[in-house]
Amino acid sequence: MSLQPVILAGGSGTRLWPLSRDQYPKPFLKINSDRSMLQETVLRLDGIESNLPIVVCNEDHRFLVTDHMSDIARTPHSILLEPVGRNTAPALTIAALRAFEEEEDTVILSLHADHIVKDVSKFHEALNLGIHLASENGVVTFGVMPTEPNTELGYIQKESTTNSYSALIGFIEKPDLERAVSMVRSGEYLWNSGMFMLHARLWLDLMKKYSPEILKACESSMSRGESDALFYRPRKEAFASSPSDSIDYAVMERLANSEGENPSRWVIPVDIGWSDIGTWSSLWAEGDKSPAGNVTAGNVHPENTNNSLVISDHEMVAVIGMENVVIVETSDTLLVTTMEEEQQVKKFVTNLEPPYDIYRKHPRKVHRPWGTYEIIDQGPGFQVKRIHVKPGEALSLQRHNHRAEHWVVVRGTATVIRNDEARFKLSENESTFIPIGAKHRLENEENVPLEIIEVQSGTYLGEDDITRFDDRYNR
C-alpha cells in the first residue's frame, strides 16, 4: 500500500482580490510566508512516506504550478489539467482514477493548495493515524478544533469520546451565529478542514454509489485524454459534461447520513494552526499584529489607525485616523473597504464588465511559461511592455496582423528570428523592429535572464492578435 497525496489547486479566490486574480489565484500567493501557499502545501509533506503529489489545476495555471514546484526543487507525480472548472468532486475523481490505474492498493490524501498549517509536526501525527484507519477501509476526515464560533466555515459533528479519533456523525453547512455558538460550546463539533483520506478504489466506489454521473464523465474524460510530459489533459467535452459538485455534497454528506457501518467513517480532531484564509479578515486574524492591532505588509505607514489590514505591493501607503479597514494596493488596483463590508468584494469583482473585467483576470505582471510581461504604459494606438524571458526559454514563433513591435534590450542578450532572415543577436542597448505581419520569435539562449522593452503600435493591441506557427509549450 502507498500514500498518494492529491493537491487541489483550482479556484480563483475572488474574496482576496486584488492580490488574487483569475490568472494568478490564491494558491500562488505568498501569505504569512516567503513561499506560496502551493509551495507550503507541498513542503508540508516532507517527512511523510508517500508518493510524489498529483496536482489538479486549471489548464491556464499549469506553468504556474511547474514554476512554483521548480522554485522549491520539487517535481510532482503528474499535473492533471481541468479544461473547465467543475468543483472539487470531479477534480478529486480524476486524480483517484489516475492513482488507482497505477496502483490499486493506494490511499489518497486530499489536500487543498490554499490552506495554512502552522504546526507541521501535529499535522504529520494526524496523517500517520489517518493512514492506519484508511488502510482498514475507513473514510478519514480531519476536523479542526474551533477557536471561535465561525459562521464562514462548515462543521463536522463527531461522536463524544476521549480517543484520538471519533466516529463521524455528520456535516453541517455554514451556520448562523447563534447556532455556531451553541455548537462550539457543546464540544461535539469541529471545523471542516476539507482534508480527508481513503483508498482510491473506495472513493471511486462511493462516487459510483452517490454521484454516478460525475464518475461516468470523469472516466470518459480520462480514458480519452492526452499526455504532455508531466501534464495530462482529460478530454474537454467529456469533463465539461460532469455536474459541478463539491466533495462534501457529492459524497461525504450522503455517506455520513447513510445507514450501516461500512465503510467506517472517522474524524481525527486536529489542533494544527489551520486556516483557509478565505477572506481579508481571516488574514488579519492570522497575521502578526502591532500594538494598535494592525497587520501590515509592504511600504505602509499607519498613524492613529487601529485593528486594520493594510497591504502595499507597489507604492507607499499612508493610513491616518482609520479603524477596522482593509486597504490593499497593487501596481494597477487599490481596494478600500471595511472588515464589516469585505464580503462584498467577491460580488464586486464577479460583476466587473468590459473593459474593467481585465482587473479580475490578471495582475499587471502576467506570467507565461517563458517568463513574464508587464504593461508599463499605454494609450490610443500604442502600448509599452517590459518583457522578462527566463534563461533557456523562448516565445512562440508568431505573427501579428494588426500591430508592429519595436524591441530594445535592457538586460541580457536576445536571439531574434525575423521572417526568413538568419537568427541574429541583440545585446544590451541594441534594438530591432518587427513590422506588421512579420513572422518572428524572441529567445533567450543565455544562462542569465533577458529583459526587453517592447513598444507596440497599431490599430489593435489585444493578446488574441497572435498566429502561432511553433510553440514549445503546446499552446
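Laid out as a table, the results:
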item: Matching residues, region 418-474, being over 30 Å from P380 (Cα atoms), surrounded by 14 or more Cβ atoms within 10 Å (Cβ to Cβ) and among the polar types (S, T, N, Q); result: N444
item: H132 vs. criteria surrounded by fewer than 18 Cβ atoms within 10 Å (Cβ to Cβ) and assigned to a helix (DSSP H, G or I); result: yes
item: Helices (runs of 4 or more DSSP H) within region 184-283 that include 1 or more residues farther than 22 Å from E104 by Cα and not basic (K, R); result: 212-223, 236-240, 253-257
item: Hits in region 31-40 (condition: touching a Pro at 6+ places or on another chain (Cβ under 8 Å) and not in a helix (DSSP H, G or I)); result: S36
item: Selection within region 284-296 - assigned to a helix (DSSP H, G or I) and either buried (at least 21 other Cβ atoms within 10 Å of the Cβ) or among the charged types (D, E, K, R) (or both); result: E286
item: Some residue of region 216-237 being in contact with a Gly (Cβ under 7 Å, 6 or more places away or on another chain) and of a type in the set (A, V, I, L, M); result: no
item: Answer residue from region 41-99, given it is assigned to a helix (DSSP H, G or I), among the hydroxyl-bearing types (S, T, Y) and touching a residue at least 60 places away in the same chain (Cβ under 8 Å) and is surrounded by the most Cβ atoms within 10 Å (Cβ to Cβ) among those; result: T93
item: Which numbered condition G13 fails, given (1) buried (at least 21 other Cβ atoms within 10 Å of the Cβ); (2) on the phi < 0 side of the Ramachandran plot; result: (2)
item: Members of region 337-396 found to be among the polar types (S, T, N, Q), surrounded by 13 or more Cβ atoms within 10 Å (Cβ to Cβ) and within 21 Å of the chain's Cα centre (by Cα), listed by number; result: Q343, T372
item: Subset of region 310-336 that is over 21 Å from I376 (Cβ atoms) and out of contact with any Pro (no Cβ under 9 Å at 6 or more places or on another chain) - its residue that is surrounded by the fewest Cβ atoms within 10 Å (Cβ to Cβ); result: G321
item: Every residue from region 223-241 that is within 21 Å of the chain's Cα centre (by Cα) and at pLDDT 95 or above; result: F231, Y232, R233, P234, K236, F239, A240
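The values are calculated or read from the model by the stated rules, or taken from the named source; none is laboratory data. Computed from a predicted structure; not experimentally measured. Cβ atoms come from the backbone with ideal geometry, glycine included; neighbour counts cover every protein chain shown.
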